[in-house]
Amino acid sequence: MPELPEVETVRRGLAPVLEGRRIARAIQLRANLRYMLPDRFAERLTGRRVERLERRAKYILAHLEGGEVLLIHLGMSGRFIIHAGDADPKRPGRFHYEAADAGTQTHDHIVFDMEDGTRIVYSDHRRFGFMDLIAENMLEANPHLAALGPEPLGNEFSAEVLGERLKGRRAPIKAALLDQRTVAGLGNIYVCEALFRSGISPAREAGRIGAARVEKLARAIRDVLTEAIEAGGSTLRDYARTDGELGYFQHSFATYDREGEACSKPRCGGTVKRTVQSGRSTFYCPSCQR
Ligand code: ZN
């Protein structure tokens, strides 16, 4: 499942082909993804210029000329494939989609043909992703976005803000961080990594972590996300050289999915354990995470 760094990587990959460009034609190959697509979805996108591409938590927001925003969530398996211009021999022909719809298995659901000839295809085999069109002035009130906490890489996030949001919370810190109202966009993997890096036990009561450790945690959250985005950036360049696909990268994690391995912290000597908290796997080192 794409987490914040993957979504940011996809946003960065799409920005050069979408920002400032006009959608000459949008094609919608089905009525729904995870939810029904909005009424006249393709028609409303056709002819519109994308002014800028932003990310909020795990949502990509394409601000369109005329005051609407295309909201995109990649779900579990959503991805974009960019077919750039005349140079790409794999650029599908005019009847590709009609033919595919008539029987062949396809997971391509939405197509944006840009004015400059670039074709951007949204494909999602599990269809947990979704798209919506929202009036720009209603964005903050949108149910997907309204309750989100501060953006962890934004200026509004700091150790003080995190401490404020953890104050009085009886839940384990792992659960408190997965709660999108605490910090926006943190998923299971990066919560495990940030707790490992800051030496905090995932079971520790959220409201009982001292200020110095909260400060370490806030820094670890920023660092693990930033490093993953940087790693994704290099993967993205590799992809661009081959098939133009903006995918998810296999970043190497210090604790996530490393059950039974030696703790990577110098002089710790502990072993990574796996436990289950609210139905999700937690990986942690019981020796150095307290
Ligand atoms: Zn350790």
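Taking the criterion of being part of a loop (DSSP other than H, G, I, E, B), under 17 Å from I120 (Cβ atoms), assigned by TED's automatic domain parsing to the domain that holds A135 and touching a strand residue (DSSP E or B) at 6+ places or on another chain (Cβ under 7 Å), would at least one residue in segment 72-86 satisfy it? Looking through segment 72-86, at least one residue is part of a loop (DSSP other than H, G, I, E, B), under 17 Å from I120 (Cβ atoms), assigned by TED's automatic domain parsing to the domain that holds A135 and touching a strand residue (DSSP E or B) at 6+ places or on another chain (Cβ under 7 Å).
The rows are residues; the columns are (1) out of contact with any Phe, Trp or Tyr (no Cβ under 8 Å at 6 or more places or on another chain); (2) over 22 Å from Y190 (Cβ atoms); (3) in contact (Cβ under 8 Å) with a residue 40 or more places away in the chain.
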{"position": "V10", "(1), (2), (3)": "no, no, yes"}
{"position": "A15", "(1), (2), (3)": "yes, yes, no"}
{"position": "G20", "(1), (2), (3)": "yes, yes, no"}
{"position": "I27", "(1), (2), (3)": "no, yes, yes"}
{"position": "Y35", "(1), (2), (3)": "no, yes, yes"}
{"position": "G78", "(1), (2), (3)": "no, no, yes"}
{"position": "A84", "(1), (2), (3)": "yes, yes, yes"}
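The set of residues in segment 150-178 that are closer than 19 Å to V7 by Cβ and either in contact (Cβ under 8 Å) with a residue 12 or more places away in the chain or crowded, with 16+ Cβ neighbours inside 10 Å (or both) comprises P150, E151, P152, L153, F157, L177, L178.
Being without any contact (Cβ under 8 Å) to a residue 40 or more places away in the chain, of a type in the set (A, V, I, L, M) and surrounded by 15 or more Cβ atoms within 10 Å (Cβ to Cβ) is the requirement here; does A147 meet it? No: the conditions fail for A147.
A search for C-beta distances below 8 Å between a residue of segment 258-285 that is at positive phi and any residue that is at pLDDT 95 or above and within 13 Å of the ligand (Cβ to nearest atom), counting only pairs 6+ apart in sequence or on different chains, returns G260/T271; G260/V272; G269/A262; G269/C263; G269/S287. Restricting to segment 234-265, and then to whatever is modelled with pLDDT under 95 and near the ligand (Cβ under 10 Å from one of its atoms), can you tell me which residue is surrounded by the fewest Cβ atoms within 10 Å (Cβ to Cβ)? Among them, the one singled out is A254. Looking only at residues of segment 269-287 that are more than 14 Å from L195 (Cα to Cα) and near the ligand (Cβ under 9 Å from one of its atoms), we find that the one that is surrounded by the fewest Cβ atoms within 10 Å (Cβ to Cβ) is G269. Look at G199 and say whether it is surrounded by fewer than 21 Cβ atoms within 10 Å (Cβ to Cβ), within 15 Å of P286 (Cα to Cα) and modelled with pLDDT of 95 or more. Considered against the rule, which asks whether it is surrounded by fewer than 21 Cβ atoms within 10 Å (Cβ to Cβ), within 15 Å of P286 (Cα to Cα) and modelled with pLDDT of 95 or more, G199 comes out as yes.
The values are calculated or read from the model by the stated rules, or taken from the named source; none is laboratory data. The structure presented is a predicted model; accordingly, all values stated were derived computationally and were not measured. Every residue, glycine among them, receives a Cβ derived from its backbone with ideal geometry; neighbour counts consider all protein chains shown.
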